[in-house]
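J.: Sharing a structure below in structure tokens format, with a few things to ask.
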Amino acid sequence: MRDFISSRARAIPPSGIRKFFDIAQDLEDVISLGVGEPDFSTPWSICEPSIYAIEQGRTSYTSNKGMPQLRQALAEELKSLYGLEYDPHDEVIITTGVSEGLDIAVRAVVDAGDEVLVAEPSYVSYAPCVTLAGGTPVPVPCTAADGYKVTPDLLLERITPKTKALILNFPNNPTGATMTRSDYEGIADVVTDHDLLLISDEVYSELTYEQKHCSPASLEGLRERTITLNGFSKAYAMTGWRIGYFCAPCGITAAALKIHQYVMLCAPVMGQVAALEALRHAREDKKAMFREFWMRRNMFVRGLNRIGLPCHMPEGAFYAFPSTEGTGLSDSEFAERLLKEQHVAVVPGSAFGESGKDHVRCAYAASREDLMEALRRMETFMATLS
Amino acid sequence: MDEKDRSILLLLEENSRISPGEIALLVDLDEREVVERISAMEETGIIRNYTALIDWGRTGDGQIAAIVELKVSPERDYGYDKIAGRIARFRNVRSLRLVTGTYDLHLLVTGQSMHEIASFVAEEIAPMDGIRETATVIIMKSYKENGALFVERDEVERLPYSF
């Protein structure tokens with residue numbers, strides 16, 4: 001029999017956490033700091049009307065682009081929060097999570113042989129998405145010294161005549177780094193000078209603790225060459241509803257919409273109804289969850305530094321990214337032993353790219369009690385190393 | 001009042017036994033600053049009391065509670081304040097609020113029996129000067145009090161890992 005697996009599928013690496021997943025399955029009382037989702041249930045102010053909508057029979061397809069009321073409400077929200085101007089009629093697509101938004105964005109713009117810069121450490125989907133589209137992902141390693149921000153020099157060193165696009169994700173998973181308007185200004189010049197497209201995944205945009213989120217498409221000259229991706233998962237604790245959105249100038253949006261039509265048809269209607277409810281009624285719920293994340297961050301990061309795991313103060317998202325360099329263990333060994341010996345699950349930084357090595361990602365999307373217990377166990381673990 | 005004060009209040013409202021040390025870690029202040037801020041808010045009357053939320057229904061003591069609504073004629077110069085002050089002094093009036101709508105005052109009244117509540121309303125509240133009408137509703141079951149659910153819910157399972 002032939003080997004039926006395509007070379008593209010073969011080219012993408014398997015998940016870097018599979019092994020840990022299997023170990024965790026066999027352990028009791030694991031405290032997980034390994035999940036990239038809020039530990040809250042979706043606010044009831046969102047769930048209740050969504051359940052009613054299902055009871056009323058709202059279970060059909062929607063317009064390919066997504067419900068018009070939702071696109072309209074989103075366009076207004078983006079304008080008021082970030083000063084973004086998108087026409088809800090032909091510049092917004094509701095996607096099945098940001099995951100799908102990323103896929104259609106990359107496929108809409110990447111040709112075989114194109115190089116795409118990916119700022120790392122990064123969420124794990126960017127490089128495989130580029131590979132699947134026939135492009136070549138080029139990692140841009142950000143460093144702790146720069147606060148894990150992307151700098152113009154880092155980009156310039158890696159731009160070639162084949163470079164077509166740049167994928168950024170701020171606030172960042174896994175580092176929690178954010179970018180200010182002035183940080184983006186330097187990037188904007190590079191992107192414009194080299195005629196690049198910017199794909200900006202801003203799914204943590206509502207979780208910034210030191211200053212308001214800056215959306216790069218709001219910068220002079222960037223809007224026409226930026227695809228803004230965002231979603232409801234993190235801000236509203238709606239990961240399972242699978243609702244994201246894609247915003248870009250109408251030409252790019254039209255191209256992405258064709259792909260979306262054929263592979264996804266439309267995002268699930270229940271999720272779209274819920275997303276509309278989120279925009280209308282969940283402002284206070286969102287604020288309460290935000291405050292909780294802020295408090296956990298303060299407590300947890302201080303704790304990490306106290307027990308000998310140096311950690312910069314993350315300005316966004318819900319991840320702490322401490323260094324494990326001083327432990328004498330690689331990040332993978334650290335994560336594996338911490339899981340096996342103390343039943344605390346964290347993700348090795350190298351899962352997020354080469355530049356993430358010697359760090360671990362700890363999601364503080366866990367209850368305060370669990371975070372304190374995790375710190376105690378990590379302290380015990382650190383004591384066994386010295 | 002800043003966001004840190006607000007956070008301190010929310011933490012205390014959620015659990016009044018939380019230690020100043022723990023609050024300090026959560027809101028990124030020194031413990032001493034937290035103690036000072038709490039004292040200041042106690043002095044200005046923002047923080048009124050530290051208390052436990054008890055589900056008396058589970059004690060088997062048979063205590064019952066009722067919401068009593070009152071129509072009241074306001075007094076010249078005092079409005080509702082004077083009569084409200086008199087009603088509030090009864091030990092078994094657990095809360096008392098001036099509200100909009102058909103009735104003016106809303107009371108939460110507790111007692112050991114229906115009889116006790118009935119006689120309290122009929123003999124002590126209704127005859128007071130200025131009370132024009134009363135309506136008493138007995139609380140049959142509490143599902144939620146002060147933001148805390150009184151009904152158990154199952155924990156939802158989450159994956160141990162995801163990116």
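J.: For the stretch B:1-20 and the stretch A:102-169, compute the distance between their C-alpha centroids and round to whole Å.
T.: For the stretch B:1-20 versus the stretch A:102-169, the Cα centre distance is 43 Å.
J.: For a quick check: with amide H placed at 1.01 Å from N, whose amide H comes under 5 Å from B:Ile139's, ignoring anything fewer than 5 positions away on the same chain?
T.: Residues meeting the criterion, in which the H sits 1.01 Å from N, are B:Ala65, B:Ala66, B:Ile67.
J.: Considering only DSSP states other than H, G, I, E and B, which GluC sites (Glu not before Pro) in the stretch A:105-196 qualify as loop sites with at most 16 other Cβ atoms within 10 Å? Can you show the working numbers first?
T.: Numbers: sites: A:Glu115, A:Glu157, A:Glu185; in loops: A:Glu157.
Passing sites in the stretch A:105-196 are A:Glu157.
J.: Obtain the nm distance between the two label points defined at A:Lys258 and A:Lys19 by a simple spin-label model: each point lies 7 Å from its Cα along the Cα-to-C-beta direction.
T.: That separation, rounded to one decimal, is 4.3 nm.
J.: Explain nothing, just the number: dipole magnitude of the stretch B:56-141 about its Cα centre with +1 on each Lys and Arg Cβ and -1 on each Asp and Glu Cβ, in debye rounded to the nearest 20.
T.: Working: 11 positive and 11 negative charges, 60 e Å.
Rounded to the nearest 20 debye, it is 280 debye.
J.: Also: By the scheme Lys and Arg +1, Asp and Glu -1, what is the net charge of all other residues having a beta-carbon under 15 Å from that of A:Lys19? Write out the running numbers ahead of the final one.
T.: On the way: positive: A:Arg18, A:Arg337, A:Lys340; negative: A:Asp22, A:Asp26, A:Asp331, A:Glu333, A:Glu336.
Local net charge: -2.
J.: Restricting to Cα atoms and excluding each atom paired with itself, what does the Kirkwood estimate give for the protein assembly as shown in Å?
T.: Evaluated on the protein assembly as shown, it is 26.7 Å.
J.: So for the stretch A:60-281, averaging the separation of alpha carbon pairs under 8 Å that are six or more residues apart and normalising by length, what relative contact order in percent results? Could the numbers behind the result be given before it?
T.: On the way: 440 pairs, mean separation 63.8, N = 222.
After rounding, I find 29 percent.
J.: Output wanted: per-residue J couplings in Hz (rounded whole) for the stretch A:10-21, from phi through Karplus 6.51 cos²θ - 1.76 cosθ + 1.60, θ = phi - 60°, x for Gly and Pro.
T.: In residue order, the calculated couplings are 5, 6, 8, x, x, 4, x, 10, 3, 4, 5, 4 Hz.
J.: Let me ask something else about it. If you rank A:Asp189, A:Asp285 by how much accessible surface each has, with a 1.4 Å probe, what is the order from largest down? Mind dumping the intermediate values first?
T.: On the way: A:Asp189 95, A:Asp285 55 Å².
Descending accessible area places them as A:Asp189, A:Asp285.
J.: Can you give the percent of C-alpha pairs in the stretch B:56-141 whose distance is more than 22 Å?
T.: Details: 862 of 3655 pairs.
Here the tail beyond 22 Å accounts for 24 percent of pairs.
J.: Something else: Please list, ordered by chain and number, the residues whose modelled amide H lies under 5 Å from the amide H of A:Ile199; skip anything fewer than 5 residues away on the same chain.
T.: Result for A:Ile199 returns A:Leu166, A:Ile167, A:Leu168, A:Ile227.
J.: Here are some pairs, A:Lys149/A:Lys258; A:Lys212/A:Lys286; B:Lys4/B:Lys144; A:Lys286/B:Lys4; A:Lys19/A:Lys357; A:Lys79/A:Lys212; which of them have Cα atoms lying more than 23 Å apart in this structure? Please report the intermediate quantities before stating the final value.
T.: Details: A:Lys149/A:Lys258 34 Å; A:Lys212/A:Lys286 15 Å; B:Lys4/B:Lys144 27 Å; A:Lys286/B:Lys4 18 Å; A:Lys19/A:Lys357 17 Å; A:Lys79/A:Lys212 14 Å.
Over 23 Å apart, Cα to Cα: A:Lys149/A:Lys258; B:Lys4/B:Lys144.
J.: Can you give me the relative contact order of chain A as a percent, contacts being Cα pairs under 8 Å and 6 or more apart?
T.: Details: 755 pairs, mean separation 93.5, N = 386.
So the answer I get is 24 percent.
J.: At a threshold of 8 angstrom on Cα-Cα distance, excluding pairs fewer than six apart, so keeping six or more, what relative contact order does the stretch B:56-141 reach in percent? Write down the numbers at each step before the final one.
T.: On the way: 130 pairs, mean separation 37.2, N = 86.
Relative contact order for the stretch B:56-141 comes out at 43 percent.
J.: Considering only protein heavy atoms, what per residue accessible area in square angstrom results for the stretch B:3-43 with a 1.4 angstrom probe? Provide the component values of the computation, followed by the final result.
T.: Values: 2310 Å² over 41 residues.
Per-residue accessible area for the stretch B:3-43 comes out at 56 Å².
J.: Now for a different question. Expressed in nm to one decimal, what extension gain is obtained for the pair A:Glu185 and A:Phe40 from 0.36 nm per residue of sequence separation less their Cα-Cα distance?
T.: Details: separation 145, 0.36 × 145 = 52.20 nm, distance 3.55 nm.
Working it through step by step, the gained length comes to 48.6 nm.
J.: Using a 1.4 Å probe on the protein heavy atoms only, what accessible surface does B:Ile54 show? Give it in Å² to the nearest 10.
T.: Approximately 80 Å² for this residue.
J.: Also, I was wondering about something else. In the stretch A:119-190, what trypsin sites (Lys or Arg not before Pro) fall in a loop by DSSP, with at most 13 other Cβ atoms inside 10 Å? Please list the in-between numbers first.
T.: On the way: sites: A:Lys149, A:Arg158, A:Lys162, A:Lys164, A:Arg181; in loops: A:Lys149, A:Arg158, A:Lys162.
Sparse-neighbourhood loop trypsin sites (Lys or Arg not before Pro): A:Lys162.
J.: Once the other residues with Cβ under 13 Å from the Cβ of A:Gly316 are scored (Lys, Arg +1; Asp, Glu -1), what is the net sum?
T.: Details: positive: A:Lys149, A:Lys212, A:Lys234, A:Arg297; negative: A:Asp183, A:Asp201, A:Glu202, A:Glu206, A:Glu210, A:Glu315.
With Lys, Arg at +1 and Asp, Glu at -1, the net is -2.
J.: With the cut-off at 24 Å, report for chain B the share of all Cα pairs above it, as a whole percent.
T.: 56 percent
J.: With a 1.4 Å probe and all protein chains in place, put A:Val98, A:Val360 in order of accessible area, largest first. Let's see the in-between values first.
T.: Numbers: A:Val98 20, A:Val360 0 Å².
Largest accessible area first, the list is A:Val98, A:Val360.
J.: Give the accessible area for A:Phe293 in Å² (nearest 10); use a 1.4 Å probe, count only protein heavy atoms, and leave out ligands, DNA and RNA.
T.: A:Phe293 exposes around 0 Å² with every protein chain in place.
J.: So, one more: How would the stretch A:60-281 be classified by its alpha-carbon gyration tensor: rounded, prolate or oblate, with rounded meaning a/c under 1.5 and the a/b versus b/c comparison settling the rest?
T.: On the way: a/c = 1.70, a/b = 1.35, b/c = 1.27.
Prolate.
J.: Compare each residue of the stretch A:6-42 in its chain alone against the assembly with all protein chains, and report those whose accessible area goes down by 40 Å² or more; 1.4 Å probe, heavy atoms.
T.: Those residues are A:Ile17, A:Phe21, A:Val35.
J.: Say each of A:Ala112 and A:Thr143 gets a label point 7 Å from the Cα, pointing the same way as Cα to Cβ; how far apart are those two points in nm?
T.: So the label points at A:Ala112 and A:Thr143 sit 3.8 nm apart.
J.: Now a separate question. With +1 on the Cβ of every Lys and Arg and -1 on the Cβ of every Asp and Glu, and nothing else charged, how large is the dipole of the protein assembly as shown about its Cα centre, in debye rounded to the nearest 20?
T.: Working: 57 positive and 81 negative charges, 167 e Å.
Result for the protein assembly as shown is approximately 800 debye, rounded to the nearest 20.
J.: Turning to a different aspect of this structure: Need one number: nm distance between label points at B:Asp61 and B:Arg97, each 7 Å from Cα along Cα→Cβ, rounded to one decimal.
T.: It is 2.3 nm.
J.: Could I ask something else about it? Whole percent per 5 Å bin, from 0 to the bin with the longest distance: what is P(r) over all C-alpha pairs of the stretch B:3-43?
T.: Final binned percentages: 6, 27, 41, 24, 2.
J.: Also, I was wondering about something else. Considering the options A:Gly97, A:Thr143, A:Val203, tell which one lies farthest towards the positive end of the dipole of the stretch A:60-281, charges being +1 on Lys and Arg and -1 on Asp and Glu at the Cβ, about the Cα centre.
T.: Of the options given, the answer is A:Gly97.
J.: With a 1.4 Å probe and every protein chain kept in, tell me what percent of the accessible surface of chain B is carbon plus sulfur. It would help to have the intermediate numbers written out before the result.
T.: Working: 5340 of 11150 Å².
C and S atoms contribute 48 percent here.
J.: Suppose accessible area is computed on protein heavy atoms with a 1.4 Å probe; arrange A:Phe290, A:Phe4, A:Phe21, A:Phe352 from highest to lowest.
T.: A:Phe4, A:Phe290, A:Phe21, A:Phe352
J.: Sticking with this structure for a sec: B:Lys71: which aspartates and glutamates have alpha carbons under 17 Å from its alpha carbon, excluding same-chain residues fewer than 8 sequence positions away?
T.: B:Lys71 reaches B:Asp81, B:Asp104, B:Glu123, B:Glu124, B:Asp129, B:Glu133.
J.: Only bridges with both residues in the stretch A:60-281 count here: give the DSSP antiparallel percent, nearest 5. Kindly include the intermediate steps, with their values, before the conclusion.
T.: On the way: 8 of 26 bridges.
Counting only bridges with both partners in the stretch A:60-281, antiparallel ones make up about 30 percent.
J.: Summing Lys, Arg as +1 and Asp, Glu as -1, what charge do residues with Cβ under 13 Å from the Cβ of A:Ala75 carry, A:Ala75 excluded? If you can, show how the numbers build up before the last one.
T.: Details: positive: A:Lys65, A:Arg71, A:Lys79; negative: A:Glu76, A:Glu77, A:Glu85, A:Asp87, A:Asp90, A:Glu91.
Net local charge, A:Ala75 excluded: -3.
J.: Of chain B, which part is the longest with no GluC sites (Glu not before Pro) in a loop (DSSP not H, G, I, E, B) and with at most 13 other C-beta atoms within 10 angstrom? Present the calculation step by step, with values, prior to reporting the outcome.
T.: Details: sites that count: B:Glu152, B:Glu155, B:Glu157.
Longest run free of exposed loop sites: B:1-151.
J.: Kirkwood Rh over alpha-carbon pairs of the stretch A:1-125, then Stokes-Einstein at 37 °C and 0.692 mPa s: what D in µm² s⁻¹, rounded to an integer? Intermediate results must be reported in sequence, preceding the final value.
T.: Numbers: Rh = 19.6 Å.
Using the Kirkwood radius from Cα pairs, D works out to 168 µm²/s.
The values are calculated or read from the model by the stated rules, or taken from the named source; none is laboratory data. Nothing here was measured: the structure is a model prediction, and the numbers come from that model. We place every Cβ from the backbone using ideal geometry, glycine too, and count neighbours over all the protein chains shown. The protein model used for the area step is the full one, side chains on, heavy atoms only, and it has no ligands, DNA or RNA in it. Shrake-Rupley method; radii C 1.70, N 1.55, O 1.52, S 1.80 Å.
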